[in-house]
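The values are calculated or read from the model by the stated rules, or taken from the named source; none is laboratory data. In this text the structure is predicted, and so the values were computed from the model without any measurement. FYI the Cβ positions are ideal-geometry reconstructions off the backbone, even for glycines, and counts take in every protein chain you see. Please note that ligands, DNA and RNA were not included when accessible areas were found on the heavy atoms of the full protein model with its side chains. Shrake-Rupley method; radii C 1.70, N 1.55, O 1.52, S 1.80 Å.
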Amino acid sequence: MVEALLLMLGLGTLSGVLLGIAAKAFYVWEDPRIAEVENCLAGANCGGCGYTGCSACAAAIVAGEAPVSACLVGGPASAAKVAMVMGLEAGAAEVLTSENTCTGGHRAPEKYYYMGISDCRAAALLYAGAKECTVGCLGYGSCVKACQFGALSIDPKGENIPIVDTEKCVGCGACEKACPKGIMQVRTPSQRILHMNLITDRLAPCRQTCPAEINIPKYIHHIKKGEYDQAYLTIMERNPLPLSTGRVCPHPCESACRRAVGDDEPVSINQLKRFCSDWVFDHKMPVKIPVAPDTGYRVAIVGGGPSGLSAAYFLRRLGHHVKIFEWMPDLGGMIYYGIPEYRLPKAILHQDIQRILDLGVEVKTGVKFGVDFDLESLVGGGFDAVLMSIGAWNHASARIPDEDKVKGVIPATIFLRRQGLGEPNPIGKRVGVIGGGNVAMDALRTSVRLGAEKVYCLYRREVKDMPANKVEIEACHHEGVEFITLCTPTKFITDDEGNLTGIEYLKNELGEPDASGRRKPVPIEGSETVLPLDNFILAIGQNTDSSFVQKEGTAVSRLETYRGSIVGDPDTHQTAISYVFTSGDCAGPPGLLVAAVGAGRRAARGIHKYLMGEDMAFPPTRLRVDSRRMRGHIPGTIFDTIEGIQKTQRASQPELEPGSYERQHTFAEVDLTLSEQSALEEANRCLRCCLTCYDPDVPAW
C-alpha cells in the first residue's frame, strides 16, 4: 500500500515537473484585453463583423485590425464599452440595415415548374430559377433562414418576398450572403444616397423615368397601408423638396406608368407625393433624418436655389459642413422668385427649406459671388470644395428691335421677381406674353390676377407643341387667356414718348421638322397683323450671368463656360477647377424643378467622392433615361400592351372654382390637396410594378 502511494506521488511529481517545463517552453502570451473585449461584445457569433466569431473579432480589435465599433449586433453600447477597455474614442458609425430591392416573389410569371428543395440557392442553379425575370426574388426565403435575429420574414400576403424589420436588423449581412440574386442589400444611409440607378437594378418604369430617382412604388405602397410618414421618408431619400415638387412637378414619371398602357389613365403619382408630404406637416409628425458622422470637410454652395438646396441636404447627410451663400434675401432661387404664390405658396416652400436647414446647414443671404466674395475668399475661409449653383436669372432675347428700350416691355424674370419680392408690379389692361413654357404660363396667369382685362399668349407653333405643363395650359384657358399661335412678333409699335401701344407679328406656317423634332415655323410674307398692347412680357428662355469668369488673374477665370453656362462633367459635376463643381440651371439649359433636385444629389455625390479621395466616375452600368423623350429605359421594361387591367377613375385634381373671384383676382393657391379617401383610392390604382412583374387588377397568368 505504501509502495503504491509512493509510486503515485512520484508519478505526480514527475508530471508536474514535466508540465512546468512544457509551460515554460511552449507558453503563448495572450493579451488580457482580448477576454475583456470579448465580454463587451454581443456573443452572437453571427459573423457580421467579418470574423469567424466574437473571439476572433475581439482579437482583431485588440490588434488594431478592426474598429471598436466592429460588433454590429452590440451597436453603440458595445462600442462604448470596448473603447473604455482599449482607451480609445468610441466615435460614431452609421447604422447598417438590410433592404429588399425586389417585389417579385411568387407574383412573377414562371417559365417552368420547379420541384426541387425550397431554397433560393438551389433553385437558382437551374437556369437562374423558374421565374421569367432572371434577376428577381425567387421567394423561397433563404435570406429569412439565414437571419439569426428574426429581422426577416416572408410577406404574409402570399407574395413570398422578404420583409425587413429595421428595428431588429443589425446589418450583419447574413441575408445578403444567402441571396443568390443580390436582392438583399445591406447598406448605410450614406451608401444609399450615393447609389445612382443602374441598368442592373430592379426598377419600375416610373422609377427609372423620375429625374430624382425616387422609389415611387415604395412610397405609394406605404400610402396604401396608411403609413404616410414612411411614404414621406421614402421620398426624402431622394427629394428634399417634396412639398414644393408635389405642387409644380410636371410628373414625367406618369408617362411611364404601366396602367396607362392598359387603356387606362396613369396613377396620379405627383398628387400622392403632395398628399403624404402635406399630411406629415399638417399633423406635425416627428421626422428623423439620419446624418453621417462628421467628416471634417467644409463645402460652400453658391446659390440657394433648388439644386443648391438639394446638394446642401445630401452633403450634410453625408457628414460634411455646408454653408449656402445666396444673393437674394430668401432661399429658393427661381422657385421662390419665379413661381407665383397661386402655384407654390411661399409658406409651403419655407417648410421644405427649413427641414433642410434643421440638419445643420448654415446660410448667408444678401451676398453676391464676384462682388462680395470670390473663390479666393472661400478657399481662404477654409472651404474644401465649392458648388456653383447660381441659377439662370438673365432673360433670352426675342430678337425684336428695341426690345430693351421700349417702355412696357418686361422680361418675365424681372416681372415675376418683382411679384416674388412683393414689390409694386404695375400692369396695363392689355398684356401679351411671348413664349410657350411654364415661365410664360406663370406670367400670363399672374397678369390676370394683377387686373389685366385681356391677356394674350403669343407662340410661334401650335398649342400642342408648347413645352409647358398641360395642366398649366388648361388653367390659362380656364382663366380667360387667349392663345395666338403660329405667329412671329417682328416690331413694337409705340407712341411719341416711347410707350408700347401694340406689337406687329407675322403669321406662320409649319415647315419641315427641326432639330427638336417639331415642325419649324416659317413666317408668311405679307401677313403682318397688329395687336394693341400696353405691356409685352418676354418669356422665351433664360441664361446664366457668368460674367465674373472674365476677370483676369482670378481663380474663377479658369472656369469654362458655354453660352453663359458653367461647363462641368455631366456625371460628377466637376468643373475645370478640381475643387469647384456646378449644378442646376447654371450648368445647362434651365429645366424642371425635379431635375434640379436630381442634379443636386449627383453634385453632392461628386463632391463627396472628391473630398474622400474616391473614384468619382459612374459604373458602366449607369442607367441614363431621357425623361422628356422617354428613351434609355432598361430593355424589356417598357410594354406595348399589358394584361389584367380594369379601367378605374383617376383622382381628379381638386382646385378653386374657375371664374371665381378668389381664383381670378387673388394669389390664393389654385390646386388643392387630395382628401385622405381620394389618396387611398388613388394609391390602390398603383400596380406596384417592379422590373417586369406587377400586381394586375385581375389575374393575368
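So if each residue of separation counts as 0.36 nm, and I subtract the Cα-Cα distance between residue 347 and residue 371, what length gain in nm does that give?
Residue separation times 0.36 nm, minus the Cα-Cα distance, leaves 5.6 nm.
Identify the residues of region 63-79 with backbone N under 18 Å of a label point that sits 7 angstrom from the Cα of residue 52 along the Cα-to-Cβ direction, or state none.
Under cut-off, by backbone N: 63, 65-66.
From the alpha carbon gyration tensor of region 95-186, can you work out the equivalent ellipsoid semi-axes (sqrt of 5 times each eigenvalue) and give them in Å, largest to smallest?
Equivalent ellipsoid of region 95-186: 22, 12, 11 Å, largest first.
Return one number: the angle in degrees, 0 to 90 and rounded to the nearest 10, between the long axis of the Cα atoms of helix 2-25 and the longest principal axis of the Cα atoms of the chain.
With both axes taken from Cα atoms, the answer is about 30 degrees.
For residue 520, which aspartates and glutamates qualify as cross-link partners when the Cα separation must be under 13 Å and same-chain residues fewer than eight apart are set aside?
Those aspartates and glutamates meeting the cut-off are 462, 465, 509, 512.
Rounded to the nearest 20 Debye, what is the dipole magnitude of region 223-292 about its Cα centre when Lys and Arg each give +1 and Asp and Glu each give -1 at the C-beta?
200 debye
At q = 0.07, 0.12 Å⁻¹, work out log10 I(q)/I(0) for the chain with the Debye formula, treating every Cα as an identical point scatterer and leaving solvent out; two decimals please.
Reported log10 I(q)/I(0), two decimals: -0.58, -1.41.
In nanometres, what is the gap between the two model label sites at residue 112 and residue 418, each 7 Å from Cα along Cα-to-Cβ?
Here the modelled spin labels are 7.4 nm apart.
What's the FRET efficiency of residue 551 with residue 21 using the Cβ-Cβ distance as r and R₀ = 56 Å, to the nearest 0.05?
Values: r = 84 Å, r/R0 = 1.50.
My answer for the efficiency is 0.10.
Name all residues of region 451-469 having a backbone nitrogen under 16 Å from the label point set 7 Å from the Cα of residue 529 along its Cα→Cβ direction, giving them as ranges.
Hits in region 451-469 for residue 529 at 16 Å: 455-464.
Considering only 114, 47, 57, whose Cα is most displaced toward the positive end of the charge dipole of region 1-160, charges sitting on Cβ of Lys, Arg (+1) and Asp, Glu (-1)?
With unit charges placed on the Cβ atoms, the residue in question is 114.
So for the chain, averaging the separation of alpha carbon pairs under 8 Å that are six or more residues apart and normalising by length, what relative contact order in percent results?
Over the chain, the number comes to 14 percent.
Using a Förster radius of 22 Å, what is the FRET efficiency between residue 661 and residue 282 based on their Cβ-Cβ separation? Nearest 0.05, please.
My answer for the efficiency is 0.25.
Taking the mean number of other Cβ atoms within 10 Å as a proxy for protection, how do you rank 400-412, 137-149 from highest to lowest?
Going from most to least packed, we get 137-149, 400-412.
Give me the three principal axis extents of region 395-543 from the C-alpha atoms, as integers in angstrom, largest value leading.
Result for region 395-543: principal-axis Cα extents of 44, 38, 30 Å.
Among 553, 391, 230, pick out the residue whose Cα is farthest towards the positive end of the charge dipole of the chain, where Lys and Arg carry +1 and Asp and Glu carry -1 on C-beta, about the Cα centre.
Result: 230.
What distance in nm separates the simple spin-label points at residue 95 and residue 149, each placed 7 Å from Cα in the Cβ direction?
1.0 nm
Quickly rank 376-384, 575-583, 487-495 as a protection proxy: mean count of other C-beta atoms within 10 Å, highest first.
Final packing ranking: 575-583, 487-495, 376-384.
Calculate the dipole size of the chain relative to its Cα centre from +1 charges on Lys and Arg beta carbons and -1 charges on Asp and Glu beta carbons; express the result in debye to the nearest 20.
That gives the chain a dipole magnitude of about 860 debye.
Using the beta-carbon distance between residue 643 and residue 225 and R0 = 22 Å, what value does 1/(1 + (r/R0)^6) give for FRET efficiency, to the nearest 0.05?
E(calc), rounded to 0.05, equals 0.25.
Please work out the Cα center distance from region 268-287 to region 401-469, rounded to the nearest Å.
32 Å
Calculate what fraction, in whole %, of the accessible area of the chain sits on carbon and sulfur atoms when a 1.4 Å probe is rolled over the protein chains.
Its accessible area is 54 percent carbon and sulfur atoms.
Could you give me the radius of gyration and the Dmax of region 29-93, taking only the C-alpha atoms into account and expressing both in angstrom?
Here Rg and the maximum Cα pair distance are 10.2, 32 Å.
If you line up the long axis of helix 306-317 against the longest principal axis of the chain, both from Cα atoms, how many degrees apart are they, to the nearest 10?
Approximately 10 degrees, to the nearest 10.
Whole Å is fine, so just give me how far the alpha carbon centre of region 165-197 lies from that of region 324-373.
Here the answer is 35 Å between Cα centres.
Grab the Cα-Cα distance for residue 65 and residue 295, subtract it from 0.36 nm times how many residues apart they are, and report the gain in nm with one decimal.
80.7 nm
Please give the calculated 222 nm ellipticity per residue for the chain, where each DSSP H segment of at least 4 residues contributes -39500 (n - 2.57) and the sum is spread over every residue; nearest 500 deg cm²/dmol?
About -9000 deg cm²/dmol.
Pull up the DSSP beta bridges for the chain and report the antiparallel fraction as a percent, rounded to 5.
Roughly 50 percent of the beta bridges in the chain run antiparallel, per DSSP.
Counting pairs of alpha carbon atoms under 8 Å apart in space and at least six apart in sequence, what relative contact order in percent does region 313-421 give?
39 percent
Only Lys, Arg, Asp and Glu count, each charged at its Cβ (+1, +1, -1, -1), so figure out the dipole size of region 95-186 about its Cα centre, rounded to 20 debye.
Values: 9 positive and 9 negative charges, 41 e Å.
The calculated dipole for region 95-186 is roughly 200 debye.
So which lysines pass the test for residue 177, namely a Cα distance under 30 Å, with those fewer than 8 places away in the same chain ruled out?
Answer for residue 177, where 30 Å is the Cα cut-off: 81, 111, 131, 145, 157, 168, 218, 288, 609, listed by chain and number.
Straight-line reach from residue 491: which lysines fall under 17 Å, measuring Cα to Cα and dropping same-chain residues less than 8 apart?
405, 407, 507
Set Lys and Arg Cβ to +1 and Asp and Glu Cβ to -1, take the dipole of region 95-186 about its Cα centre, and tell me which of 128, 170, 103 lies farthest positive.
128
If you average the C-alpha positions of region 92-118 and of region 646-701 separately, how far apart do those two centres end up, in angstrom?
31 Å
Could you state the angle between the C-alpha long axis of helix 438-449 and the longest principal axis of the C-alpha atoms of the chain, as a value from 0 to 90 degrees rounded to the nearest 10?
60 degrees
In Å², and per residue, what accessible area does region 395-543 have when probed at 1.4 Å with the other protein chains present?
Each residue of region 395-543 exposes 47 Å² on average to a 1.4 Å probe.
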